[in-house]
Amino acid sequence: MSIDERSFRKALGCFPSGVAVVTTTDAAGRPVGVTVSSFTSLSLHPPLVLFCLDRNTRNIDAFREGGFSVNVLREDQREVSIRFASRRDDKFEGLAATSGATGAPVLPDSLAVLDCVVESVAEGGDHLIFIGKVERVDCQAGGQPLVYFRGAYATVDS
């Protein structure tokens with residue numbers, strides 16, 4: 001049975017996901033970042049997480065080695081998500097990003113940050129699956145997550 005791509009996307013959109021920006025540096029030391037909704041925990045012992053990127057993602061090779069930071073966005077960071085989902089070159093302009101334990105950029109005011117080193121990269125259809133070992137975590141005490149649901153941003157009412 002063949003699955004219609006549009007129906008498949010619609011069904012996947014019914015599963016709400018948090019929004020994060022994954023950041024790293026390229027071979028020249030320039031910061032690189034991309035918005036993802038395909039981020040999840042993988043293991044507690046050892047602490048592992050994963051995220052997926054389309055093989056055609058710009059600067060994908062920068063994520064293959066070294067460190068990366070997963071910046072879990074707060075509900076008031078919708079514009080940050082849009083910025084890092086774009087193809088613009090100046091994604092970090094005006095942001096007071098710092099350097100994490102692995103050297104990857106850390107975005108200010110993120111709800112949580114997981115600083116990781118690449119454990120492995122696997123193939124998954126038209127995407128690559130990046131598995132990272134968490135080296136450091138930082139969580140804010142308050143705030144709500146930015147959520148993506150049915151093709152639009154949403155918030156959590158608690």
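The values are calculated or read from the model by the stated rules, or taken from the named source; none is laboratory data. No experiment lies behind these values; they were computed from the predicted model shown. Note that we place each Cβ from the backbone using ideal geometry, even for glycine, and neighbour counts take in every protein chain shown. Ligands, DNA and RNA are excluded from the accessible area calculation, which covers all protein heavy atoms including side chains. Shrake-Rupley method; radii C 1.70, N 1.55, O 1.52, S 1.80 Å.
What ³J(HN,Hα) values, in whole Hz, does the Karplus curve 6.51 cos²θ - 1.76 cosθ + 1.60 give for the stretch 98-105 when θ = phi - 60°, with x put for Gly and Pro?
Those phi angles translate into 10, 9, x, 4, 8, x, 6, x Hz.
Can you bin the stretch 28-117 into rounded, prolate or oblate? Criterion: square roots of the alpha carbon gyration tensor eigenvalues sorted a ≥ b ≥ c, rounded for a/c under 1.5, prolate for a/b above b/c, oblate for the rest.
rounded
For the chain, with every protein chain kept in place, what is the accessible area per residue (1.4 Å probe, Å²)?
With the other protein chains kept in place, the chain gives 60 Å² per residue.
Which distance in nm do the two modelled labels at Asp109 and Met1 give, with both placed 7 Å along the Cα-to-Cβ direction?
4.6 nm
Provide the per-residue ³J(HN,Hα) series for the stretch 29-45, in order, calculated from phi with Karplus coefficients 6.51, -1.76, 1.60 and θ = phi - 60°, each as a whole number of Hz, with x at glycine and proline positions.
Karplus-based 3J(HN,Hα) across the stretch 29-45 equals x, 7, x, 9, x, 8, 7, 9, 10, 9, 10, 7, 6, 10, 8, 8, 10 Hz.
Grab the DSSP H runs of the chain that are 4 residues or longer, score each as -39,500 (n - 2.57), total them, divide by all residues and round the 222 nm result to the nearest 500 deg cm²/dmol.
It lands at -2500 deg cm²/dmol.
With no solvent and one point per C-alpha, what does the Debye sum give as log10 I(q)/I(0) for the chain at q = 0.09 Å⁻¹?
-0.28
Return the sequence-ordered ³J(HN,Hα) values of the stretch 87-93 in whole Hz as given by the Karplus equation 6.51 cos²θ - 1.76 cosθ + 1.60 applied to θ = phi - 60°, using x for Gly and Pro.
9, 5, 7, 9, 4, 8, 4
So, with a 1.4 angstrom probe, what is the percent of accessible area on the stretch 28-91 that is carbon and sulfur?
49 percent
Compute the distance in nm between two label points, each set 7 Å from the Cα along the Cα-to-Cβ direction, one at Glu79 and one at Arg55.
Going by the 7 Å Cα→Cβ label model, 3.7 nm.
Shape verdict for the stretch 117-158, please, from the Cα gyration tensor: rounded (a/c under 1.5), prolate (a/b greater than b/c) or oblate.
It comes out oblate by the Cα gyration axes.
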